[in-house]
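None of the figures in this text is laboratory data; all of them are computed from the coordinates on show. Predicted model only: the values in this text are computed from it and were never measured. Cβ coordinates were reconstructed from backbone atoms using ideal geometry, including for glycine residues, and neighbour counts include every protein chain displayed.
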Amino acid sequence: MKIIVGVSGASGIIYAIQLLKNLRKFNIETHLILSKWAEYNLMHETSVQLDEMKAMADFFYDNSDLSATIASGSFFTDGMIVVPCSMKTLAAITYGCTDTLLIRAADVTLKEKRKLVLVPRETPLSIIHLRNMFAVAQAGAMILPPMPAFYHHPTTINDIVDHTVSKILDQWGIDGGLIHRWEKN
């Protein structure tokens with residue numbers, strides 16, 4: 001399996017880090033792109049260095065490299081995840097403004113009818129955000145906001161992050177064993 005992981009400049013880069021670690025556990029080939037503001041958030045939200053994050057993926061691409069293999073529909077992948085997904089990135093994907101590799105790869109994912117999962121990180125949501133989410137969902141994307149559940153009794157931030165990462169993995173039929181699933185008593 002090959003999955004593209006795009007990381008945009010919204011807060012919540014920890015979701016991308018945990019996702020990459022879990023995809024590696026399942027030997028899934030990962031293709032990573034970070035926006036300029038994702039790199040900024042990495043530095044401000046974590047102690048992870050950029051080189052460390054790049055090493056979490058099998059392949060890393062500069063966001064300005066529109067000649068990269070993942071910019072073409074002829075390069076087969078099983079889909080793409082944008083985590084976190086800023087509202088700017090979501091809008092650009094929605095309207096096909098493909099001036100960066102991250103947006104181009106998402107555009108290709110949609111046009112090839114491959115799975116595209118967007119993990120938007122913003123609150124509150126304006127009517128513009130909601131309209132963009134609706135439009136991109138109509139185009140085939142899955143909108144998967146990081147909304148914590150509490151039935152599994154999380155005790156750490158990682159427990160809450162793992163819940164969202166588990167929901168992302170579920171989209172590819174992967175049970176990462178990260179959460180206790182709901183069971184009726």
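Points to keep in mind about this one:
- Each of Ile70, Ile128, Gln18 was scored by the projection of its Cα onto the charge dipole of the chain, and the greatest displacement toward the positive side belongs to Ile128; charges sit on the C-beta of Lys, Arg, Asp and Glu.
- Proximity of backbone amide H atoms, modeled 1.01 Å from N, is registered between Ile81 and Ile4, Val5, Gly6, Val117 at under 5 Å, excluding neighbours fewer than 5 places apart on the same chain.
- In sequence order, the stretch 105-118 has phi-based couplings of 4, 5, 4, 4, 4, 5, 5, 8, 6, 9, 5, 10, 10, 10 Hz under the Karplus curve 6.51 cos²θ - 1.76 cosθ + 1.60, θ = phi - 60°, and Gly or Pro positions carry x.
- Nitroxide proxy distance, nm - points 7 Å out along Cα→Cβ at Asp62 and His153: 5.1
- In the chain, the longest principal axis of the Cα atoms and the axis of helix 157-170 are about 60 degrees apart.
- Diffusion coefficient, µm² s⁻¹, Stokes-Einstein with Kirkwood Rh over alpha-carbon pairs of the stretch 1-41 at 37 °C and 0.692 mPa s: 313
- Mean projected area of the Cα convex hull of the chain, taken over all directions, amounts to 10.7 nm².
- Among 67-74, 152-159, sorting by the average number of other beta carbon atoms lying within 10 angstrom of each residue, highest first, gives 67-74, 152-159.
- Highest mean packing comes first when the peptides 101-110, 123-132 are listed by Cβ atoms within 10 Å, giving 101-110, 123-132.
- Extension gain, Glu112 to Trp37: 0.36 nm times the residue separation minus the Cα-Cα distance gives 24.3 nm.
- Separation of the alpha carbons by more than 22 angstrom is noted, of Lys21/Lys88; Lys21/Lys113; Lys25/Lys184; Lys111/Lys167; Lys21/Lys54; Lys88/Lys115, for Lys21/Lys88; Lys21/Lys113; Lys25/Lys184; Lys111/Lys167.
- Ala137 versus Asp51: modelled label distance in nm, points set 7 Å from Cα along the beta carbon direction: 4.3
- Nearest-0.05 FRET efficiency for Ile128 and Lys21, computed from C-beta distance (R0 45 Å): 0.85
- Taking packing as the residue-averaged number of other Cβ atoms within 10 angstrom, the listed peptides 31-44, 83-96 run from highest to lowest as 83-96, 31-44.
- In this label model, Ser11 and Ser74 are separated by 4.4 nm, measuring between points 7 Å along each Cα→Cβ vector.
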